[in-house]
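Let me begin by presenting the structure, written as structure tokens, before commenting on it.
Read-outs: derived from the displayed coordinates by stated rules, not from any lab. Values in this document were obtained by computation on a predicted structure and should not be read as measured data. In this analysis, Cβ positions are derived from the backbone assuming ideal geometry, glycine residues included, and neighbour counts consider all displayed protein chains.
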Amino acid sequence: MQTAGLVLAAGAGRRYGMPKALVRLDGQLLVERAAATLTAAGLDRVLVVVGAAAGDVRAAAPGLDTVHNPDWATGMASSLRTGLTALTATPAGAAMVLLVDMPGVTPDAVRRVAAHAAPAALAMGAYDGRRSHPVLLGRDHWPGVLATAHGDRGARDYLRAHAAEVRLVPVGDVADDTDLDVPPGA
């Protein structure tokens with residue numbers, strides 16, 4: 001079974017002051033870093049959802065496999081829907097979702113969560129018991145996620161409704177789930 005990686009990188013980064021996909025950290029664009037994390041974890045395909053400044057992101061990181069979310073301004077859920085819809089045309093049995101603004105998520109964390117990949121799987125990285133990224137969505141759950149993802153909530157409502165099925169995979173010893181909402185020092 002194939003597991004695809006899905007980087008959500010379509011936002012404008014209003015609080016940050018620019019699209020986070022184009023932010024450089026340690027000399028690398030966040031979008032490249034996120035895609036490289038999923039690739040290094042051994043996922044079969046990595047798809048990046050772009051939206052705000054899509055042309056700039058594609059120009060700055062031309063090697064990435066991208067799909068455009070024309071509704072990016074409506075929130076993260078539209079990017080999740082765009083990415084999962086694109087993956088339905090592939091043989092992927094599961095999708096590993098990673099947000100572009102979480103550079104502390106490591107390939108080791110992704111591998112741990114991906115070890116549970118199956119069409120019926122739901123799994124999340126856990127940091128001292130707190131649910132976070134990366135998030136694994138088995139293909140059997142994609143229709144439900146597509147139907148319930150709205151605004152900036154992504155798969156949150158679906159995962160809460162199916163909490164008993166969600167496997168929490170401890171990754172706090174190999175990763176950090178801090179998200180970059182504002183520039184350092186702001």
The lone condition Thr90 fails out of (1) touching a strand residue (DSSP E or B) at 6+ places or on another chain (Cβ under 7 Å); (2) without any contact (Cβ under 8 Å) to a residue 60 or more places away in the chain; (3) of a type in the set (Ser, Thr, Tyr) is (2)
Taking first residues from segment 171-183 that are without any contact (Cβ under 8 Å) to a residue 60 or more places away in the chain and second residues anywhere that are surrounded by 13 or more Cβ atoms within 10 Å (Cβ to Cβ) and of a type in the set (Phe, Trp, Tyr), the pairs with Cβ under 8 Å that are 6 or more apart or on different chains are Gly172/Tyr127
Residue hits (segment 161-170; in contact with a helix residue (DSSP H, G or I) (Cβ under 9 Å, 6 or more places away or on another chain) and either of a type in the set (Lys, Arg) or in contact (Cβ under 8 Å) with a residue 24 or more places away in the chain (or both)) are His162, Glu165, Val166, Arg167, Val169, Pro170
Filter segment 1-21 for residues that are out of contact with any helix residue (DSSP H, G or I) (no Cβ under 6 Å at 6 or more places or on another chain) and among the aliphatic types (A, V, I, L, M); the one that is farthest from Ala155 (Cα to Cα) is Met18
Within segment 91-113, restricting to residues that are within 17 Å of Asp176 (Cα to Cα) and of a type in the set (Gly, Ala, Ser), the one that is surrounded by the most Cβ atoms within 10 Å (Cβ to Cβ) is Ala109
Reported set for segment 51-74 where residues are closer than 14 Å to Val100 by Cα and touching an Asp or Glu at 6+ places or on another chain (Cβ under 9 Å) is Gly51, Ala61, Leu64
Here the residues within segment 55-98 that are within 18 Å of Arg14 (Cβ to Cβ) and touching a Pro at 6+ places or on another chain (Cβ under 9 Å) are Asp56, Val57, Ser78
Pairing a residue in segment 127-155 that is within 16 Å of Leu98 (Cα to Cα) and touching a residue at least 40 places away in the same chain (Cβ under 8 Å) with any residue that is assigned to a helix (DSSP H, G or I) and among the hydroxyl-bearing types (Ser, Thr, Tyr), where Cβ atoms lie under 6 Å and the two sit 6 or more apart in sequence or on different chains, gives Val145/Tyr158
